[in-house]
Amino acid sequence: MLSGCASAPPSPVPVITINQCATPSPCSLPASNPHTNGELHLQLERTEAAWAQCAAEVDTIIICHQEGAQ
């Protein structure tokens, strides 16, 4: 028998992946109890950073849904 005519092992089963968007989770802000202007300013920076992180996650989910609808 010719070497090109020998039976080959079966091909591996393809792995099915589902592309799905992340599930949104509630945004949360850090707890605060500032006593000085410095602590208040630091809390403002932390709050702004938390909102920016939340907005970035929401934007990512929106983009995922828009790409999936195309």
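We did not get these values from a lab; they are worked out from the coordinates using the rules stated. Keep in mind that what you see is a predicted model, and the values were worked out from it rather than measured. Cβ: placed from backbone, ideal geometry, glycine included. Neighbour counts: every protein chain shown.
Residues are listed down the side, and each one gets a yes or a no for (1) surrounded by 10 or more Cβ atoms within 10 Å (Cβ to Cβ); (2) among the acidic types (D, E):
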| site | (1), (2) |
| --- | --- |
| T36 | no, no |
| L44 | yes, no |
| E48 | yes, yes |
| Q53 | yes, no |
| E57 | yes, yes |
| I61 | yes, no |
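Scan region 28-50 and tell me whether some residue there is within 29 Å of G68 (Cα to Cα) and outside any helix (DSSP H, G or I).
For region 28-50, residues within 29 Å of G68 (Cα to Cα) and outside any helix (DSSP H, G or I): present.
Give the residues of region 45-60 that are of a type outside the set (A, V, I, L, M, F, W, C) and touching a Cys at 6+ places or on another chain (Cβ under 9 Å), sorted by residue number.
Scanning region 45-60 gives Q53, E57, T60.
Mind checking which residues of region 54-70 are without any contact (Cβ under 8 Å) to a residue 12 or more places away in the chain and either assigned to a helix (DSSP H, G or I) or in contact with a Lys or Arg (Cβ under 8 Å, 6 or more places away or on another chain) (or both)?
Hits for region 54-70 are A55, A56, D59, I62, I63, Q66, E67, A69.
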